[in-house]
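The values are calculated or read from the model by the stated rules, or taken from the named source; none is laboratory data. None of these values were measured; they are calculated from a predicted model. Methodologically, a virtual Cβ is constructed for each residue, glycine included, from the backbone with ideal geometry; neighbour enumeration extends over all protein chains shown. We work out accessible area using only protein heavy atoms, side chains counted, and drop any ligands, DNA or RNA first. Shrake-Rupley method; radii C 1.70, N 1.55, O 1.52, S 1.80 Å.
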Amino acid sequence: MPLTPTAEVVAAESAAGAATGAFNVIQLEHAQAIVAGAEQAGRPVILQISENCVRYHGGLEPICAATLAVARAATVPVAVHADHVTSEELAREAVELGVGSVMFDASALPYEENVATTAEITRWCHERGVWVEAELGEVGGKDGVHAPGVRTDPAEAAEFVSATGVDALAVAVGSSHAMTTRDAKLDFDLITRLHEAVPVPLVLHGSSGVPDADLTRAVRAGMRKINIATHLNAVFTDIVRARLAENPKLVDTRKYLGPARDAVAAEVARLLGVLSG
Ligand SMILES: [Zn+2]
């Protein structure tokens, strides 16, 4: 059960009333930690590589090839997803390298342009068997410019899905990207209404800021893919910081990255339980 199409992973978890955990890979250690956590929990998982991560590495291929290799060696189903892609060229490169899904994010464009661009890239991905996620009602927090007050309208969401043919939709329901405190207030009534109105899985972005109990409640209200990045980075960096403070003479990177990787694996295993609905 190694590298598995995103569509299969999300469908199987949805059928069980659970959401699939989607965690961001930045370094190789993240991919290893996330898969180890999923194996500990005995649950499938999605490894995501964002356009920001690609920018950091100066290209997609090295981190994507490594992530795909980690996924292929897993003992649980693992999907690889390209997250928040705004460049059509990068979306095509990711598909050619072998990812199972792409989040094409044209949410900053005016509605009509978002629809036209997303529909075109979705057609191209579907011809290659790749699942597409899009975003409507821009989820806040990117670069600090978007307030968490943005909301997705259920009728507009249903119309957007039918006009674009996307397979999943990221919606704005009160979460915000890159939060380092877990006190976001989700609009559960809106999640329920969106779940009733939209025929494809709903995706929650900015979930690092949502407390455990509310993550479970969001899954029960109909969220089917939950993206978590910043929270795992906080777990990782806390361990690195503590190890370096304990031993200022430490130079072997494995001595602080290894324990950080173990801590992230344990947190992924715990979060997958929270997302089981
Ligand atoms: Zn996001």
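Per-residue answers, yes or no, for (1) within 30 Å of Ala36 (Cα to Cα); (2) acidic (Asp, Glu); (3) touching a helix residue (DSSP H, G or I) at 6+ places or on another chain (Cβ under 8 Å):
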| site | (1), (2), (3) |
| --- | --- |
| Val150 | no, no, no |
| Glu159 | no, yes, no |
| Gly165 | no, no, yes |
| His177 | yes, no, yes |
| Thr180 | yes, no, yes |
| Arg193 | no, no, yes |
| Pro201 | yes, no, yes |
| Val235 | yes, no, yes |
| Ile239 | yes, no, yes |
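Kindly indicate which of Glu93, Glu113 is touching a helix residue (DSSP H, G or I) at 6+ places or on another chain (Cβ under 9 Å) and open to solvent by 30 Å² or more (accessible area, probe 1.4 Å).
Of Glu93, Glu113, the one residue that is touching a helix residue (DSSP H, G or I) at 6+ places or on another chain (Cβ under 9 Å) and open to solvent by 30 Å² or more (accessible area, probe 1.4 Å) is Glu93.
Suppose the filter is closer than 19 Å to Glu133 by Cα, within 16 Å of the ligand (Cβ to nearest atom) and in contact with a Ser or Thr (Cβ under 8 Å, 6 or more places away or on another chain); does His205 pass it?
For His205, the condition - closer than 19 Å to Glu133 by Cα, within 16 Å of the ligand (Cβ to nearest atom) and in contact with a Ser or Thr (Cβ under 8 Å, 6 or more places away or on another chain) - is met.
Show the residue pairs that are 6+ apart or on different chains and have beta-carbon atoms under 9 Å apart, the first residue being within region 11-27 and over 24 Å from Ala266 (Cβ atoms) and at pLDDT below 95, the second being open to solvent by 10 Å² or more (accessible area, probe 1.4 Å) and aliphatic (A, V, I, L, M).
Matching pairs, first to second residue: none at all.
Are any of the residues in region 129-141 at pLDDT below 95, open to solvent by 30 Å² or more (accessible area, probe 1.4 Å) and not β-branched (Val, Ile, Thr)?
Yes, region 129-141 has at least one match.
Give the residue, chosen from Val198, Val210, that is away from the ligand (no atom under 16 Å from the Cβ) and either open to solvent by less than 40 Å² (accessible area, probe 1.4 Å) or not hydroxyl-bearing (Ser, Thr, Tyr) (or both).
After ruling out the rest, the residue left standing is Val198.
Conditions: (1) within 13 Å of the ligand (Cβ to nearest atom); (2) open to solvent by 40 Å² or more (accessible area, probe 1.4 Å); (3) at pLDDT 90 or above; (4) of a type outside the set (D, E, K, R). Thr192 meets all but one. Number of the miss?
(1)
Take the residues in region 223-250 that are open to solvent by 30 Å² or more (accessible area, probe 1.4 Å) and of a type in the set (D, E, K, R); name whichever of them is farthest from Ala79 (Cα to Cα).
If we take residues in region 223-250 being open to solvent by 30 Å² or more (accessible area, probe 1.4 Å) and of a type in the set (D, E, K, R), then Lys249 is farthest from Ala79 (Cα to Cα).
From the residues in region 142-170 that are of a type in the set (S, T, N, Q) and open to solvent by less than 50 Å² (accessible area, probe 1.4 Å), which one is modelled with the highest pLDDT?
Filtering region 142-170 for residues that are of a type in the set (S, T, N, Q) and open to solvent by less than 50 Å² (accessible area, probe 1.4 Å), the one modelled with the highest pLDDT comes out as Thr164.
Conditions (1) within 15 Å of the ligand (Cβ to nearest atom); (2) more than 23 Å from Gly165 (Cβ to Cβ); (3) crowded, with 21+ Cβ neighbours inside 10 Å; (4) in contact (Cβ under 8 Å) with a residue 12 or more places away in the chain, marked per residue:
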{"position": "Gln48", "(1), (2), (3), (4)": "yes, no, yes, yes"}
{"position": "Leu60", "(1), (2), (3), (4)": "no, yes, yes, yes"}
{"position": "Ala65", "(1), (2), (3), (4)": "no, yes, no, yes"}
{"position": "Val78", "(1), (2), (3), (4)": "no, yes, yes, yes"}
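For region 100-116, which residues satisfy the criterion of being modelled with pLDDT of 95 or more and in contact with a Leu (Cβ under 8 Å, 6 or more places away or on another chain)?
Gly100, the sole residue that qualifies.
Tell me the residue from Val173, Val219 that is at negative phi, away from the ligand (no atom under 16 Å from the Cβ) and open to solvent by less than 40 Å² (accessible area, probe 1.4 Å), please.
That would be Val219, the only listed residue that is at negative phi, away from the ligand (no atom under 16 Å from the Cβ) and open to solvent by less than 40 Å² (accessible area, probe 1.4 Å).
Is it true that some residue in region 251-266 is closer than 24 Å to Gln48 by Cβ, within 16 Å of the ligand (Cβ to nearest atom) and surrounded by 22 or more Cβ atoms within 10 Å (Cβ to Cβ)?
The answer is no; no qualifying residue exists.
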